[in-house]
Structure formats: C-alpha cells, structure tokens
Amino acid sequence: MCDTCGCGHEHKVIDVNQSLLKANDEAAYANRKHFNEEGILAVNLISSPGSGKTTLLEKTIDALKHEIGIGVLEGDIETELDAERIRKKGVPAVQLTTGGACHLDSMLVHKGFHLLKLQLKGKRLDVLFIENVGNLVCPSFFDLGEHLRVVLISVPEGHDKPLKYPKAIKTSQALIISKSDLVPHFDFDMEKIKKDALSLNPRLKIIETSAKTGEGLNEWINFLIHRLHR
Amino acid sequence: MHEVSIALGMIHELERIARENNAKKITNVKLKIGKMSGIVVDSLTFAFDAVKLENPVVSDAALSVEEVPLVYECNDCSKTFETDNLYFPSCPVCASYKLKIISGEEQHIENVEIEV
Ligand SMILES: Nc1nc2c(ncn2[C@@H]2O[C@H](COP(=O)(O)OP(=O)(O)OP(=O)(O)O)[C@@H](O)[C@H]2O)c(=O)[nH]1
Ligand SMILES: [Mg+2]
Ligand SMILES: [Zn+2]
C-alpha cells in the first residue's frame, strides 16, 4: 500500500536521466550516420520567415548544379511553393509540410530523405540542403543530423537579432547576413551584429550576402565547397 | 512553441518507460530544466497537461520541474557564481569574460514515479 496517498497501489520511482529530446536526437544520429556513409554533406538552413533561405538556395543551385549533385528538403507548415521553386531550377526537392509544427524534426527529415532518393533515381548526391520552417527559435532545438547549420538574418530584421535569438546563433556554424543590398535603406549596424554574434559564438563564420547584387555569394559558395571537401 | 513537440516526445518516452516497468500509470515526472535551456517551463507544463489526456497511462501524471540556475566558473580566478545574465555574464570578482558554464543548460527527465 502506498505511504503517500494511501491508494492501495504500490508506487516506485524509476531513475531515467535522459534528454527531453531523446527521440529526436536518436533519429538525428541515425540520419548523420546515413549521410556519412553516402558521403553527403547535410546543411540545415534556419531563419525567420522571409529572410531569403529559398532565394539563397536558388542562387547556390545556379552556381553549383553543374559541378555537384544537389538535393533539397523544403520545410514549411503548409504548401509546396518552395519545393516548386527549387524544382524549377532543375534540382530534386521534397516538400515536408509539418501541418502546424514550427520546426522540422529528424524523423521527418529521415522520411524526406528517402522520398528524395526516389526522385534522384540513382543520381549522385553531394549536398543535401534542408530549408527549415521560417522561425528563429524552435528549429534551433532540433538536431536534424546535419553537418552544417547556417542561420540567416536579413538586414530589414535589424542588427539586434543575435542577442534576442541566442540559441540559433550558438548552435550554428555560419551566419549569413542576407539582403546586404538593403543596408543603405535601414539603420543597420553591421559591426554591432558581427560583434554580438561572435561574442555568443566565437567560431561562427559570418558572410554578408545579397541575392540582388551577388555580393558575398562567391564567399558562401567557397565556404560550402571547402566544407564538402573536408 | 517547440514545447508542444517536446511534450509529445516526452509522452512517447513515458509510454515506453511505463511499458518496460509494467506500470499501470505514471503519477509524477521530475524534470530538470536549466535557465538557459530555452525551454519555457510554463509553456511546457501547459503543453504537457494538454497532450497527456489522450493516454490513460500518463493522463494523471504531474510534472515537477526543478529549474536549474545558471552557474559559471571563472577561467581566470576560479570563482564559481550564479547569474541571471544570459548573454554577457562576467566574473563578479575579477570581471573576466572567460567563463565556463557549470549548469543551466539542462533539459532532461530526472525520474518518474510509477504505480504498479
Ligand atoms: N533586396 C533583397 N531581397 C531579397 C534578397 N533575398 C531574398 N529577397 C526577397 O525576400 C523575400 C523572401 O525571400 P525567400 O527566399 O522566399 O525567403 P525564405 O527565407 O525562403 O522565406 P520562408 O521560406 O517563407 O521562411 C522575397 O521577396 C525575395 O525576393 C536579397 O538579397 N535582397
Ligand atoms: Mg523559403
Ligand atoms: Zn574571475
């Protein structure tokens, strides 16, 4: 009989000591292993809605699609729109719709990866881009099995974003400051955003890009190629 | 609201733990959540209380959450101190910014109480 509540049942305390994100982390581990075995570099792109993730992917595909095999998983709450934009560029893409969740998880990525392979029909895949759901908070909690996490902050969002969204900065290896062509139109302190981001994550690679003028795109492509051959 | 996903994952794990231990019910779940984990305890509790209702094994489970303070150790003078400054903490003794985090990033299930 139970001492505390007298309910007539036996109560026991079981030590668990495991992460709240265990299911996701285990699936992420399996994804990463799978990518490694196939020599694929997986890149997780995270940002607020509209920072320019899909646009950056379109430019990246233009620059690289004849050199390397690219595939894309597009995460959104609803619609096939982003996957259609990618397919127009002649690259296979799978749309993952979360049906409400504000982030991708590694189980969904696993499913998407297998769907992508069907589209690839045996073609070689060197880089798998995973565009996360537009959200600067929640995606940073979920390891997807990626090798490289890239966070985008666009100029119109303001230079204060690293301090407001530290987890995204701390868990990423690269920060893209996108829409740099818009700097003249905003009170955007480029030095401050870099300083704040580096103080949160001293090893962060920071690249300013503009899909409009092409600024920084070469640096981004070189960074990717360098990671691919590492 | 990543807390909803976290709560759903938690229910999944609790069901497994209940099964493995032949538990009729889970009555309490003890969590450790660090101040810097980025998990909002109220949101997590709210989400858990909503999603637990779908499964009788966990529907009566209460959450007890221990919030773990943010503690750093100074690399320069070895002072250990607690702080609420999430972003730019510095050592209260020597003002150094070279700190090592000791606690505050926890996000785990410590133990569960079951009814057998
Ligand atoms: N001026 C300027 N506009 C840009 C740039 N990059 C993207 N945009 C515009 O920003 C808007 C959003 O771009 P997307 O690439 O769709 O952004 P996203 O991050 O994929 O958006 P979600 O998937 O909805 O989160 C579009 O109107 C783009 O044309 C840039 O470098 N400069
Ligand atoms: Mg997009
Ligand atoms: Zn000190």
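Partner chain Cβ atoms within 10 Å, averaged over the residues of A:55-63 - can you pull that number for me?
Values: counts 0, 0, 0, 0, 0, 0, 0, 0, 0.
Per residue, the number of nearby Cβ atoms from other chains is 0 on average.
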Alpha carbon Rg of chain B, scaled by the compact-globule rule 2.2 N^0.38 Å: 1.33
If one computes the Cα centroid of the range A:48-110 and of the range B:59-115, what distance in Å separates the two points? 37 Å
Using only alpha carbon pairs under 8 Å that are at least six residues apart, calculate the relative contact order of chain B and give it in whole percent. 36 percent
Residues A:32, A:149, sorted so that the one with the fewest Cβ neighbours within 10 Å comes first: A:32, A:149
Treating only the Cβ of Lys, Arg, Asp and Glu as charged (+1, +1, -1, -1), what charge dipole size does the range A:55-189 show about its Cα centre? Round to the nearest 20 debye. 520 debye
Charge dipole (chain A, unit charges on Cβ, about Cα centre) - positive-most of A:176, A:79, A:221: A:221
Rounded to the nearest 500, what is the 222 nm mean residue ellipticity of chain A from helices alone, with -39500 (n - 2.57) per DSSP H run of 4+ residues and division by all residues? -10500 deg cm²/dmol
Starting from the 7 Å offset along Cα-to-Cβ, what nm value, one decimal, do you get for the label separation of residue B:40 and residue B:101? 2.0 nm
For each of A:226, A:147, count neighbouring Cβ atoms within 10 Å of the residue's Cβ, then give the residues from fewest to most. A:226, A:147
How big is the charge dipole of the range B:3-115 about its Cα centre, in debye rounded to the nearest 20, if each Lys and Arg gets +1 on its Cβ and each Asp and Glu gets -1 on its Cβ? 220 debye
Here the net charge surrounding residue A:190, from other residues whose Cβ is less than 14 Å away from its Cβ (Lys, Arg +1; Asp, Glu -1), is -4
Would you order B:4, A:43, B:41 from fewest to most other beta-carbon atoms within 10 Å of each residue's own beta-carbon? B:41, B:4, A:43
Per-selection Rg to Rh, the range A:85-161 - Cα, Kirkwood hydrodynamic radius: 0.99
The distance between the Cα centres of the range A:130-153 and the range A:180-230, in whole Å, is 17 Å
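For peptide B:2-13, what's the mean number of Cβ atoms from other chains within 10 Å of each residue's Cβ?
5
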Cα long-axis angle, helix A:106-120 against chain A (0 to 90 degrees, to the nearest 10): 50 degrees
Excluding residues fewer than 8 positions from residue A:89 in its own chain, the lysines with Cα under 26 Å of it are A:53, A:59, A:65, A:111, A:117, A:121, A:123, A:179, A:212
Rounded to the nearest 10 degrees, what's the angle between the helix A:190-200 long axis and the longest principal axis of chain A, both from Cα atoms, 0 to 90? 30 degrees
Taking 8 Å as the Cα distance limit and 6 or more residues as the minimum spacing, I'd like the relative contact order of the range B:17-79 as a percentage. 44 percent
Out of all Cα-Cα pairs in chain A, roughly what percent, to the nearest whole number, are more than 24 Å apart? 46 percent
Nitroxide proxy distance, nm - points 7 Å out along Cα→Cβ at residue B:60 and residue A:80: 4.9 nm
Across chain B, how many lysine pairs, 8 or more positions apart or on different chains, have C-alpha atoms separated by under 25 Å? Please give the number. 13
Taking the Cα centre of the protein assembly as shown as origin and charging only Cβ (+1 Lys, Arg; -1 Asp, Glu), how large is the dipole, in debye to the nearest 20? 1280 debye
When the charge dipole of chain A is computed with +1 at the Cβ of Lys and Arg and -1 at the Cβ of Asp and Glu, the Cα pointing farthest to the positive end, of A:17, A:120, A:43, is that of A:120
With the crude spin-label approximation of a point 7 Å out along Cα→Cβ, what separation in nm comes out for residue B:81 versus residue A:118? 5.9 nm
What is the helix-to-structure angle for A:53-64, meaning the angle in degrees between its Cα long axis and the longest Cα principal axis of chain A, kept from 0 to 90 and rounded to the nearest 10? 60 degrees
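Please compute the average number of Cβ atoms from other chains found within 10 Å of each residue's Cβ in peptide B:34-43.
2
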Compute the length gained on full extension between residue B:20 and residue B:93: take 0.36 nm times their separation in residues and subtract their Cα-Cα distance, giving the result in nm to one decimal. 21.3 nm
If I take every Cα pair under 8 Å that is 6 or more residues apart in the range A:38-229, average their sequence separation and divide by the length, what percent do I get for the relative contact order? 25 percent
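No value in this document is a laboratory result; all are computed from the given coordinates. Here the structure is a predicted model, which is why all the values come from computation and not from measurement. Every residue, glycine among them, receives a Cβ derived from its backbone with ideal geometry; neighbour counts consider all protein chains shown.
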